[in-house]
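The values are calculated or read from the model by the stated rules, or taken from the named source; none is laboratory data. Just so we're clear, the structure is a prediction, and the values are computed from it rather than from any experiment. Cβ atoms come from the backbone with ideal geometry, glycine included; neighbour counts cover every protein chain shown.
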Amino acid sequence: MLILAFDTATDVATSALVADGEVLGERTSIARTVLEDADRLLVEAGLAPRDVDALVVGTGPGSFTGMRIGLAAARGLALALDVPAAGVSTLDALAAADHVFPVLDAGRQEVFVPGPRAVAPDELELEPGTVCVGSGARRYRAALERRGAVIPPDDDERHVPHARLHVALARDFGPTEDVLPIYVREPDAKVPA
């Protein structure tokens, strides 16, 4: 089974092409280039879009705009290619690396952590020695280290929600309409009463 996967919920978008568990290619970029990245992965593997059997998309939590770009791309591709899709939490993909605690930058001086929930880094309850990874771990390194966390160097690959990890966690393939984003907060914009 050939699976195209991508996650655009964080400041580093990732994409991967995986055939029967073997990674054929990976890319890291930004959310707005996710379709270019997907095309490049297929070209580099000598494959065509019609060869894709399924899609996996990151569902966040993360950047509202980034998540919407990823979900819109997945829905468009699934419709055009007539393939099923599965959604995987960005936090779950980060946590798939060896015994780490995922911490994503949530803006507003908060981080997204499993639950999922948003919390101030200074209020996060951590066991001493907990290895924290992700954009929030890098941004709030000092605050988390004061709480006993261990943060790998900024260039450590475990900070990136690699799309290949999404593929390994994907279950329940179906219509992309069933793949929903994970929103932790209420929207800022409100419909007038």
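Going through the range 121-137 one residue at a time, which ones are under 21 Å from the mean Cα position of the chain (by Cα) and farther than 14 Å from V150 by Cβ?
The answer is P121, S135, G136.
Please work out if T28 is outside any helix (DSSP H, G or I), surrounded by fewer than 22 Cβ atoms within 10 Å (Cβ to Cβ) and modelled with pLDDT of 95 or more.
So T28 fits the description; yes.
Yes/no matrix, rows are residues, columns are (1) part of a loop (DSSP other than H, G, I, E, B); (2) in contact (Cβ under 8 Å) with a residue 40 or more places away in the chain; (3) surrounded by fewer than 21 Cβ atoms within 10 Å (Cβ to Cβ):
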position	(1), (2), (3)
L4	no, yes, no
D39	no, no, yes
P61	yes, yes, no
T65	no, no, yes
R68	no, yes, yes
A80	no, no, yes
A93	no, yes, no
A97	yes, yes, yes
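Can you list the helices (runs of 4 or more DSSP H) lying wholly within the range 133-193 that have 3 or more residues being surrounded by fewer than 20 Cβ atoms within 10 Å (Cβ to Cβ) and either of a type in the set (F, W, Y) or not assigned by TED's automatic domain parsing to the domain that holds I30 (or both)?
In the range 133-193, the matching helices (runs of 4 or more DSSP H) lie at 141-146.
Check E44, E110, E36 and return the single one that is of a type outside the set (K, R) and assigned by TED's automatic domain parsing to the domain that holds R147.
Exactly one of E44, E110, E36 is of a type outside the set (K, R) and assigned by TED's automatic domain parsing to the domain that holds R147, namely E110.
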